[in-house]
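Chemist: Handing you this structure, nothing more for now.
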């Protein structure tokens, strides 16, 4: 039966652990999906904000040079003046935020007219220039501007401020008044990666905290399951013990009753053994079914007993110990010993003072009862079964404790009791 209970406990624990594991996997999976969706939303919003920013920068550049579109000016001189104006414009600290310009013709040739951060490129044909991925981004910039008048192009470029290849978004506008010149500017998109990294770290922290909470909850659940299983096991053990006890008592008593009905005198020795066995069994039942109470319940009971003798004896009572549960059987045994000892002191010791010391220790309860009475010689005393000393030793023995007595004539008596907590 015990193996069956253990199997059920193992099955319950494994099932509970499997459910928690599945919940954790689902939570992690859903969190990853949420992160992907969140990344898309952030990237879309970030890209839209950068596009608006580039449109505003280009609008500023167009306003700065639109007065040069007049037909009264020489086209070449006007174009060169426009390039000088654009060269002076910058944003984002100037190093990474600049404007560029290319000429474009029908054969898709382009000459870089402006690159303030890389002057060596000015005047060179870069129609075949590619980025790190092999994309002909210069050609695409010119084609987009010539086809749509203006537009966006994505490519990679070396960021001047840190010389790292970085994704870039450019916005170009065709200026037909300047012989199909294309002007544009761009923004490096490394900030979005930094933002996403921060969000991912926060999300990872959130996942860790959630999983930790689930694990803690699972552990608490397993502890509760184990505790409940233990209680169920104890209840079943008590039930089984009670059934066996009932059968044993009925069997023993039936033998005695049957012998009496047959007018036979039961064997005294056998009857004594039966009664001794019944007494031992009942003692085990009392311990097994014993209710637990706080150690202060013991202190209160002893104080009440001592108070009932204070009009006849001077009693000094000291109680010390931490809060620990004790069985009712332990409390009853110690209180009976205190009461019996005080009765004996009052009747036989002629004591003027009695000291009672109760100490709650980690694994036991210590009781010391000391008087300054007449005392006695232990070597000459064999207490009969109906004496107080025999009664006290029997009581403490029943709960697995120990009682010792130290006494000398005219020097008083010390009774020391050690009782287990459980």
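Chemist: Looking only at region 126-136, decide whether some residue is buried (at least 16 other Cβ atoms within 10 Å of the Cβ) and touching a strand residue (DSSP E or B) at 6+ places or on another chain (Cβ under 6 Å).
Modeler: Taking every residue of region 126-136 in turn, at least one turns out to be buried (at least 16 other Cβ atoms within 10 Å of the Cβ) and touching a strand residue (DSSP E or B) at 6+ places or on another chain (Cβ under 6 Å).
Chemist: Sort through 317, 367 and tell me the only one that's modelled with pLDDT of 90 or more, in contact with a helix residue (DSSP H, G or I) (Cβ under 6 Å, 6 or more places away or on another chain) and surrounded by fewer than 19 Cβ atoms within 10 Å (Cβ to Cβ).
Modeler: 317
Chemist: Report whether or not residue 182 is closer than 22 Å to residue 44 by Cα and touching a residue at least 24 places away in the same chain (Cβ under 8 Å).
Modeler: It is false that residue 182 is closer than 22 Å to residue 44 by Cα and touching a residue at least 24 places away in the same chain (Cβ under 8 Å).
Chemist: Please go through region 59-91 and give me each residue that is touching a strand residue (DSSP E or B) at 6+ places or on another chain (Cβ under 7 Å) and part of a helix (DSSP H, G or I), ordered by number.
Modeler: Correct list: 61, 62, 79, 83, 86, 87.
Chemist: Another one. Out of 97, 104, I need the residue that is over 18 Å from residue 158 (Cβ atoms), at pLDDT 60 or above, touching a strand residue (DSSP E or B) at 6+ places or on another chain (Cβ under 6 Å) and surrounded by 15 or more Cβ atoms within 10 Å (Cβ to Cβ). Which one?
Modeler: Just one listed residue meets the conditions, 104.
Chemist: Against the definition (surrounded by 13 or more Cβ atoms within 10 Å (Cβ to Cβ), modelled with pLDDT of 90 or more and within 50 Å of the chain's Cα centre (by Cα)), how does residue 306 come out, yes or no?
Modeler: yes
Chemist: Whether any residue in region 130-145 is on the phi < 0 side of the Ramachandran plot, outside any helix (DSSP H, G or I), touching a helix residue (DSSP H, G or I) at 6+ places or on another chain (Cβ under 8 Å) and in the same structural domain as residue 99 (by TED's automatic domain parsing) is what I want to check.
Modeler: Checked region 130-145: at least one residue is on the phi < 0 side of the Ramachandran plot, outside any helix (DSSP H, G or I), touching a helix residue (DSSP H, G or I) at 6+ places or on another chain (Cβ under 8 Å) and in the same structural domain as residue 99 (by TED's automatic domain parsing).
Chemist: Turning to a different aspect of this structure: Under the condition of being touching a residue at least 40 places away in the same chain (Cβ under 8 Å) and under 21 Å from residue 197 (Cβ atoms), which residue from region 9-33 is surrounded by the fewest Cβ atoms within 10 Å (Cβ to Cβ)?
Modeler: Among those residues, the one meeting the criterion is 28.
Chemist: Tally time: how many residues in region 60-87 are under 17 Å from residue 181 (Cβ atoms) and surrounded by fewer than 12 Cβ atoms within 10 Å (Cβ to Cβ)?
Modeler: 7
Chemist: In this structure, does residue 57 turn out to be modelled with pLDDT of 80 or more and under 22 Å from residue 175 (Cα atoms)?
Modeler: It is true that residue 57 is modelled with pLDDT of 80 or more and under 22 Å from residue 175 (Cα atoms).
Chemist: Confirm whether residue 333 is modelled with pLDDT under 90, assigned to a helix (DSSP H, G or I) and crowded, with 16+ Cβ neighbours inside 10 Å.
Modeler: Spelling it out, residue 333 is indeed modelled with pLDDT under 90, assigned to a helix (DSSP H, G or I) and crowded, with 16+ Cβ neighbours inside 10 Å.
Chemist: Continuing with the same structure: Which one is surrounded by the fewest Cβ atoms within 10 Å (Cβ to Cβ), of the residues in region 176-231 that are part of a helix (DSSP H, G or I) and in contact with a strand residue (DSSP E or B) (Cβ under 9 Å, 6 or more places away or on another chain)?
Modeler: 193
Chemist: Restricted to region 39-59, and to residues that are in contact (Cβ under 8 Å) with a residue 60 or more places away in the chain and over 16 Å from residue 191 (Cα atoms), which residue is surrounded by the fewest Cβ atoms within 10 Å (Cβ to Cβ)?
Modeler: Filtering region 39-59 for residues that are in contact (Cβ under 8 Å) with a residue 60 or more places away in the chain and over 16 Å from residue 191 (Cα atoms), the one surrounded by the fewest Cβ atoms within 10 Å (Cβ to Cβ) comes out as 55.
The values are calculated or read from the model by the stated rules, or taken from the named source; none is laboratory data. Note that the structure is predicted; figures quoted are calculated from it, not measured. Neighbour counts run over all protein chains shown; Cβ positions are idealised from the backbone, glycine included.
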